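Written below as structure tokens is the structure these notes are about.
What follows is calculated from the coordinates using simple rules that are stated; it is not laboratory data. Everything numeric in this text was worked out from a predicted model, so none of it was measured. With ideal geometry, Cβ positions are generated from the backbone for all residues, glycine too; neighbour counts draw on all protein chains shown.
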Amino acid sequence: MSFQGHPVEVRPAGAREHLFNDRTVEGYRRSLVAGIDRVASRVARTERPFSGMTPDRLAPEISAIDLEQPLDDPAAALAELEDVYLRDAVYFHHPRYLAHLNCPVVIPALLGEAVLTAVNSSLDTWDQSAGGTLIERRLIDWTAERIGLGAAADGVFTSGGSQSNLQALLLAREEACARAAAASPAPLSRSEILPGLRILASEASHFSVRKSAGLLGLGMDAVIAIGTDQDRRMRPAVLARELDRCRREGLVVMAVVATAGTTDFGSIDPLPQIADLCVAAGTWMHVDAAYGCGLLASRTRRHLLDGIERADSVTVDYHKSFFQPVSSSAFLVRDATVLRHATYHADYLNPARMAEQRIPNQVDKSLQTTRRFDALKLWLTLRIMGADAIGELFDEVVDRAEQAWELLTEDPRFEVVTKSQLSTVVFRYLPQDGPARELADDANLFAREALAASGEAVVAGTKVDGRHYLKFTLLNPETTLADIAHVLDLLAAHAERHLSEKAAPELCRQAG
Ligand SMILES: Cc1ncc(COP(=O)(O)O)c(C=O)c1O
């Protein structure tokens with residue numbers, strides 16, 4: 001076939017047959033269906049959340065693959081993937097995956113993921129996304145409305161809670177610098193202001209707050225840890241004292257970070273009291289609701305977030321408690337105009353005249369440039385299931401955590417720390433009495449590792465007051481109380497084995 005003497009190819013050939021376009025849709029269908037079939041059949045026969053694979057055994061298998069020798073065949077590549085990834089992946093959908101803040105995902109969101117990667121919109125500018133930009137904006141408005149941030153609110157989807165917290169503190173820093181400069185009788189440079197800035201956050205807040213302080217040029221030490229009560233919630237009296245101390249010492253508290261759902265304890269800081277203190281001190285209030293945001297969809301527990309509507313900025317992670325695949329997160333502000341601190345007008349991308357023409361470019365609000373259309377997953381979730389269904393799933397896991405806590409408090413083998421307001425349970429195996437009690441730390445570390453190595457279940461570990469503890473993060477409504485009881489038995493058996501095998505000689509030695 002030819003056109004004006006130039007040959008025209010009818011069928012794509014060679015490298016071009018792999019490009020996704022109007023002529024390759026059949027290959028696209030075949031390839032994706034094969035991939036979906038692989039994952040579906042793997043998930044259908046997954047009996048344990050993890051194979052127990054170690055990095056030492058898996059690394060050589062991955063190193064042995066010659067990346068200079070393509071297989072040229074999706075089926076062969078998928079078969080290979082089975083051995084280097086699917087077989088030994090950690091499966092969050094499994095009811096005995098109880099470790100970190102990873103949720104099982106809902107099918108409407110997986111549908112969204114498939115659509116968004118194929119169309120591949122980039123949400124930086126309207127001319128790379130069109131409707132995608134408007135859908136993201138609508139979801140930001142929906143979330144802001146659920147929070148109660150008011151008509152002037154705005155925000156943007158982010159890669160995760162860490163990025164949202166960084167952006168919150170960036171904006172708070174800029175506002176604090178502007179205020180400090182305006183209040184000073186003599187000109188003040190940024191480098192003179194930064195050393196005096198402080199961030200107050202509870203001792204149970206997420207480490208990304210400290211990391212952000214480092215990235216923002218303040219140093220991690222600029223974060224002052226505020227003590228918590230026995231439920232691991234920030235103590236407002238301690239916060240008030242620190243705010244006062246900073247004022248007296250001429251330090252500027254650029255933000256107070258309240259956590260609505262701490263990573264370890266699922267505790268929600270007393271938001272109304274913190275908001276009052278922030279107003280009185282003229283300080284930015286950021287609420288890190290990365291975990292607790294699921295309550296926004298709950299019909300029975302939304303009140304636990306009361307006070308969040310008074311925040312200057314909020315972090316929400318749909319990929320933690322809205323049953324969305326990684327990544328799906330957002331950052332919201334009460335006053336849209338503060339987002340200007342994240343704006344840069346590049347001639348090639350988003351010149352200022354576009355803003356004047358009211359062209360909706362999300363890059364003007366984001367720390368990222370090219371950015372996935374992650375919002376589509378939440379959109380299809382809301383359009384297919386609805387928010388109430390998400391809230392029901394989250395309520396179920398919070399109920400389950402309450403039941404697990406009761407189970408643990410009645411079990412003499414374990415000590416449990418605090419009753420979570422969300423869905424974590426922090427506990428440890430603790431021998432009743434005798435010298436073995438001293439070896440509890442080792443026994444808990446061992447039990448966690450041995451359980452993961454068996455693949456029967458995956459639980460997390462953390463430290464409380466310098467001691468090693470175990471943690472369940474319950475995000476799967478399919479996890480039953482029987483699953484939890486079974487995992488406790490496994491942990492106790494591993495811990496007891498450790499004490500009898502490894503610790504007994506040590507105890508004999510100590511006894512003389
Ligand atoms: C309270 C809290 N904030 C922020 C984060 C960070 O979120 P991401 O992992 O999405 O960056 C986490 C993660 O566990 C968290 O628990």
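At-a-glance table
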read-out: Cα centroid of region 257-321 to Cα centroid of region 113-142, whole Å; value: 27
read-out: Exposure proxy ranking, count of Cβ atoms within 10 Å, fewest first, for Trp379, Trp142, Trp284; value: Trp142, Trp379, Trp284
read-out: Lys pairs, the chain - Cα-Cα below 24 angstrom, 8 or more residues apart or on other chains; value: 15
read-out: Rg to Rh, two decimals, where region 149-209 supplies the alpha carbon set and Rh follows Kirkwood; value: 1.05
read-out: Per-residue Cβ neighbour rank within 10 angstrom, fewest leading, Met220, Met354, Met234; value: Met220, Met354, Met234
read-out: Summed residue charge, Cβ within 12 Å of Asn350's Cβ, Lys/Arg positive, Asp/Glu negative; value: -3
read-out: Cut-off 12 Å between beta-carbons: net charge of the residues surrounding Thr54, Lys and Arg +1, Asp and Glu -1; value: -3
read-out: Neighbour-count ranking [beta-carbon atoms within 10 angstrom, fewest first] of Thr479, Thr462, Thr418; value: Thr462, Thr418, Thr479
read-out: Length gained when the stretch Ala492-Ala76 is fully extended (0.36 nm per residue, less Cα-Cα span); value: 145.5 nm
read-out: Volume per residue of the C-alpha convex hull in the chain, rounded to whole Å³; value: 206
read-out: Using alpha carbons only: equivalent-ellipsoid semi-axes of region 84-167, gyration tensor based, whole Å; value: 29, 19, 13
read-out: Cα Rg over Rh - region 225-303, Kirkwood; value: 1.01
read-out: Charge context of Arg413, other residues only, Cβ under 13 angstrom, K/R +1, D/E -1; value: -4
read-out: Percent of beta bridges antiparallel (DSSP, the chain, rounded to nearest 5); value: 55
read-out: When region 256-413 is reduced to its Cα atoms, the Kirkwood hydrodynamic radius in Å; value: 17.9
read-out: Calculated diffusion of region 88-136, Stokes-Einstein form, Kirkwood radius summed over Cα pairs, 37 °C and 0.692 mPa s, µm²/s; value: 249
read-out: The chain, helix-only ellipticity at 222 nm - DSSP H runs n ≥ 4, -39,500 (n - 2.57), divided by all residues, nearest 500; value: -13000 deg cm²/dmol
read-out: Computed over region 372-512, Cα set: Rg, Dmax in Å; value: 18.6, 69
read-out: Loop-located trypsin sites (Lys or Arg not before Pro) in region 254-343 whose Cβ has at most 15 other Cβ within 10 Å (DSSP); value: Arg299
